[in-house]
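Trainee: One structure, pasted below without further comment.
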Amino acid sequence: MDIAKRFQQNPLLKPSDLKPGIEGMEITCLLNPGVFRYKGKIWLLLRVAERPAQKEGVISFPVYNKEGKINVLSFDEKDPQLDASDPRVIGYKGKNYLTTMSYLRLVSSEDGIHFKEEKEFPPVFGEGELESFGIEDCRVATTADGYFLTFTEVSPVAVGVGLMHTTDWQHYTRHGMIFPPHNKDCALFEEKINDRYYALHRPSSPELGGNYIWLAQSPDRLHWGKHTCIATTRDGSWDCARVGAGAAPIRTEEGWLEIYHGADFNHRYCLGALLLDLKDPSHVLARSVEPIMEPIAPYEQTGFFGNVVFTNGHLVEGDTVKMYYGASDEVICGAEFSIQEILDSLK
């Protein structure tokens, strides 16, 4: 039951629309932007993934070294110790590497369709050992005291959730890792509930448990506790392999509405919805049986990693959710939903 109204102009952005931000690299993918309003415009905080131009018979990819400089590693495709079966991850001699390096990049729009870069708003790159493979999939929470960015920190030792704060998108306060490994898909609520901050996050427990959506509370957005699992995968369903939060939950009269992603064991990513109690968001009132959006458009089915619709950013205008999403791990697209239509689908 796909109820998304896709923009006719999709894809809105593709890799060739931007110039590489890292010297000597090429843009491979544009992915899953955070979304916010600033100075009367709509802004996307894109995840941009870059790598060196690939030569025949050789796989090359970038990593940060201990000095914070980018090194390029290269391997012979025929090396028997190389596992390049996944376009996103390289395995070599028992170690895993990402095939691309991701960072965050700002683009703005007057109409929500045509986006451009503005020179005074620079990219945001990873820093330090815990971000040596880059930073990914940033959610933006717009709050009374500025913008809070939750994103995935990636390194050889960890995948965890980092936090940054800004008020002007030119200067950032970095708070480090707030959810330890292995964790990602963190979305902050944009207002307090009972004088506490809340966040959705996705720890992974493959030996016992799985990739589930959890809820946490905090007095200050830095220290988190009272962790509660609120949504697990469902056998035989479209979200049987993993689930994760999208953007900040939307406050409605019926509860907090969270658009989340789920995938099956064929790595087909769809979107569904959770409805959480307004006063106690650990209480799940309803959940999508069928997806509200599936990868059915051609640009969602083929790309760097096909059959994917994935969002971590939207704007709310009355009954309309204007959602920006990554398709096939390569291009940026837009779609609209009616909040009431989503709520009706949950009944």
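The values are calculated or read from the model by the stated rules, or taken from the named source; none is laboratory data. These numbers were taken from a predicted model, which means no experiment stands behind them. No Cβ is skipped: glycine too gets one built from the backbone with ideal geometry, and neighbour counts run over all protein chains shown. Side chains are part of the model used for accessible areas, which takes the heavy atoms of the whole protein and leaves out ligands, DNA and RNA. Shrake-Rupley method; radii C 1.70, N 1.55, O 1.52, S 1.80 Å.
Trainee: For an R0 of 56 angstrom, estimate the FRET efficiency from the Cβ-Cβ distance between Asp145 and Glu23 and round to the nearest 0.05.
Mentor: 0.95
Trainee: Give me log10 I(q)/I(0) at q = 0.09, 0.14 Å⁻¹ for the chain, Debye formula, one equal scatterer per alpha-carbon, no solvent.
Mentor: The computed values of log10 I(q)/I(0) come out as -0.45, -1.18.
Trainee: I'd like the trypsin sites (Lys or Arg not before Pro) in the stretch 100-170 restricted to DSSP loop residues with at most 14 other Cβ atoms within 10 Å, sorted by number.
Mentor: Here the trypsin sites (Lys or Arg not before Pro) that fit, given the DSSP loop and packing criteria, are Lys119.
Trainee: Could you look at the stretch 34-123 and say what percent of its accessible area is carbon and sulfur, using a 1.4 Å probe and all protein chains?
Mentor: 48 percent
Trainee: Another question, then. Pairs of alpha-carbon atoms within less than 8 angstrom and 6+ residues apart define the contacts here; what relative contact order does the chain have, in percent?
Mentor: 16 percent
Trainee: If you roll a 1.4 angstrom probe over the protein chains with everything in place, what fraction of the accessible area of the stretch 136-202 belongs to carbon and sulfur, to the nearest %? Spell out each step's value before the answer.
Mentor: Values: 1140 of 2430 Å².
That fraction is 47 percent.
Trainee: Using a 10 Å cut-off on Cβ atoms, rank the peptides 147-155, 274-282 from the highest mean neighbour count down.
Mentor: 147-155, 274-282
Trainee: Sticking with this one: Give the relative contact order (percent, whole number) for the stretch 279-325; include only Cα pairs under 8 Å separated by 6+ residues.
Mentor: Taking the mean separation of contacting Cα pairs over the length of the stretch 279-325, I get 22 percent.
Trainee: Rounded to the nearest 500, what is the chain's calculated 222 nm mean residue ellipticity when only DSSP H runs of at least 4 contribute -39500 (n - 2.57) each, over all residues?
Mentor: Helix contribution divided over all residues of the chain: -500 deg cm²/dmol.
Trainee: Let me check against my output: what whole-number percent is the relative contact order of the stretch 199-347, with C-alpha pairs under 8 Å and at least 6 apart?
Mentor: Numbers: 353 pairs, mean separation 21.3, N = 149.
In percent, rounded to a whole number, it is 14.
Trainee: How large is the dipole of the chain about the Cα centre if only Lys and Arg carry +1 and Asp and Glu carry -1, each at its Cβ, rounded to the nearest 20 debye?
Mentor: 420 debye
Trainee: Expected output is a single nm value to one decimal: the length gained when fully extending between Glu253 and Lys66, i.e. 0.36 nm times separation in residues minus the C-alpha distance. What is it?
Mentor: That works out to 62.3 nm of additional length.
Trainee: At R0 = 41 Å, how high is the FRET efficiency between Asp76 and His227 if r is their beta carbon distance? Nearest 0.05 is fine.
Mentor: For R0 = 41 Å, the calculated efficiency reads 0.40.
Trainee: Taking the Cα-to-Cβ direction at Asp220 and at Glu56 and moving 7 Å from each Cα, how far apart do the two end points lie in nm?
Mentor: Roughly 5.9 nm, to one decimal.
Trainee: Here's another thing I want to ask about it. Quote to one decimal, in nm, the extra length available between Lys93 and Thr173 on full extension: 0.36 nm per residue of separation minus the C-alpha distance between them.
Mentor: Difference between extended and current length: 25.1 nm.
Trainee: Also: Probe of 1.4 angstrom, ligands and nucleic acids ignored: what's the accessible area per residue over the chain, in square angstrom?
Mentor: On a per-residue basis, 44 Å².
Trainee: If you don't mind, there's one more thing I want to ask. Treat each spin label as a single point 7 Å out from the Cα along the C-beta direction, and report the Leu278 to Glu191 distance in nm.
Mentor: 0.9 nm
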